[in-house]
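Have a look at the structure below, then the notes.
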Amino acid sequence: MMKTITVFKGDGIGPEIVDAVLNILNAAQVPLNYEIFEVGEAEYKRNGKLIPDAAYASFEKNKVLLKAPITTPIGKGFRSLNVTLRKKYDLYANIRPAKSNAAIKTLFSNVDIITFRENTEDLYVGVEEQIDENTVYATKIITKKASERIIKDAFEYAKKHGRKKVTCVHKANILKMSDGMFLNIFKEIAQAYPEIESDDKIVDNTCMQLVMHPEKFDVIVTPNLYGDIISDLTSGLIGGLGLLPSCNLGSEYAMFEAVHGSAPDIAGKNIANPTALLWSACMMLDNLDMQSYATRIRKAVDEVLLESRCLTPDINGNATTKQYCEAIIEKL
Ligand code: ATP
């Protein structure tokens, strides 16, 4: 049965990688229709709106969004579009799987870490206050409700997918009340999952352990800011930002996007790596019960990566985005 989804093309490398991904999905004959919208800085300059009303309406109708990176214009009055979307649609679980790929040579070949990043609060509520000329306060919010649901999701995921351990990452030794509450809730919920090992680590120690012994980590659950930083670190362990997909799930809506930003330094050069967005699209297909298409696409990508003949420059190749995309389509 055909399903319709919403697609945001975004800024920077966004349009190039969206075109590449849609070409691959079409070549795989995925039964999807697309409602495609220009959003972000470029759209703001054209039509005075960062996200057109019709784009919001489409997402509200279809409930599923494949989103390219978008640039929030710098300056007063612009709240990050990513943060806005996550908050507006209560996309509270940001799930970021970092898995070594046999074809991408990195220091470690055994990384398989999935980060559950709380997506709606922490310092990302964006509440900052100028106290005086030399002082600014920023508000960090941690609530029981948001902490409980992301921690439960992490354990439920671990249970469903046969993962062995869930690690809570925090800074409760300093932020005793906020992170302290997150950690206490974690410990409480962990008791309901005796079959899954659980532990906790302070965020700075986590960074050191991750770059020395990534094999010690399985599922990570953590508040918003640490999740943002740690998941970029995990992308570095598997070969870079061009390879890290993500999904943002709420109880009603789902948004799928690459972890990286709009990469203005390489925009328009036809050298961006579309893999992170393509793998995000595969997570979307899994979510839509279209696993067989996702499996076929992942297999084609793996074959192209393994052959190493047609890779984009960020993973030591010299192919263009289009050539890489054509190589995947050929495998399909
Ligand atoms: P944001 O703040 O929105 O996350 P950023 O400016 O911190 O964005 P990115 O836009 O993610 O960071 O880019 C960081 C670096 O990684 C840049 O040098 C960019 O060219 C590179 N990069 C990001 N995504 C890709 C990609 N898909 N393919 C190749 N290189 C990429």
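The values are calculated or read from the model by the stated rules, or taken from the named source; none is laboratory data. Just so it is clear, the model here is predicted, and its values are computed rather than measured. For neighbour counting, all protein chains shown are included, and Cβ atoms are generated from backbone atoms with ideal geometry for every residue, glycine included. The accessibility values were calculated without ligands, DNA or RNA, using every heavy atom of the protein model including side chains. Shrake-Rupley method; radii C 1.70, N 1.55, O 1.52, S 1.80 Å.
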Global geometry of region 185-254, whether rounded, prolate or oblate, following the gyration tensor of its Cα atoms and the 1.5 cut on a/c: oblate
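Above 24 Å lies some portion of the pair distances; for region 192-332, what is it as a whole percent of all C-alpha pairs? Display every interim value, and only then the final one.
Working: 4200 of 9870 pairs.
Of all Cα-Cα pairs in region 192-332, 43 percent lie more than 24 Å apart.
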The FRET efficiency for R309 and E156, from their Cβ-Cβ distance with R0 = 30 Å and rounded to 0.05, is 0.15
Just to be sure I follow the definition: excluding the sites themselves, where is the longest run in the chain that has none of the GluC sites (Glu not before Pro) in a DSSP loop with at most 15 other Cβ atoms within 10 Å? 1-132
Which whole-Hz ³J(HN,Hα) couplings does region 104-114 yield from phi under the Karplus relation 6.51 cos²θ - 1.76 cosθ + 1.60, θ = phi - 60°, glycine and proline marked x? 9, 6, 9, 4, 10, 10, 10, 7, 8, 10, 10
Prolate/oblate/rounded call for region 249-332, Cα gyration tensor, a/c under 1.5 rounded: oblate
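To the nearest 0.05, what FRET efficiency results for Y137 and K187 with a Förster distance of 35 Å applied to their C-beta separation?
Approximately 0.70, to the nearest 0.05.
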Among beta bridges that DSSP assigns inside the chain, antiparallel share in %, nearest 5: 45
What does the accessible area per residue of region 16-174 come to in Å², with a 1.4 Å probe and no ligands, DNA or RNA counted? 49
Rounded, prolate or oblate (a/c below 1.5 giving rounded, otherwise prolate when a/b exceeds b/c) for region 115-272 by Cα gyration tensor: oblate
Once region 95-180 is represented by equal point scatterers at the alpha-carbon sites, with solvent omitted, what log10 I(q)/I(0) does the Debye formula produce at q = 0.18 Å⁻¹? -0.93
Modelled label-to-label distance, N173 and R79, 7 Å Cα→beta-carbon offset: nm? 3.5
Between M208 and K144, how high is the FRET efficiency from 1/(1 + (r/R0)^6) when r is the Cβ-Cβ distance and R₀ = 30 Å? Nearest 0.05. 0.50
Helical mean residue ellipticity (222 nm; -39500 (n - 2.57) per DSSP H run of 4+; nearest 500) of the chain: -12500 deg cm²/dmol
In Å and on Cα atoms, what radius of gyration and Dmax does the chain show? 19.8, 61
Please list, or write none, the lysines whose alpha carbon is within less than 19 Å of the alpha carbon of K176, excluding same-chain residues fewer than 8 places away. K140, K144, K145, K187, K201
Could you tell me the convex hull volume per residue, in Å³, taken over the Cα atoms of region 50-202? 193
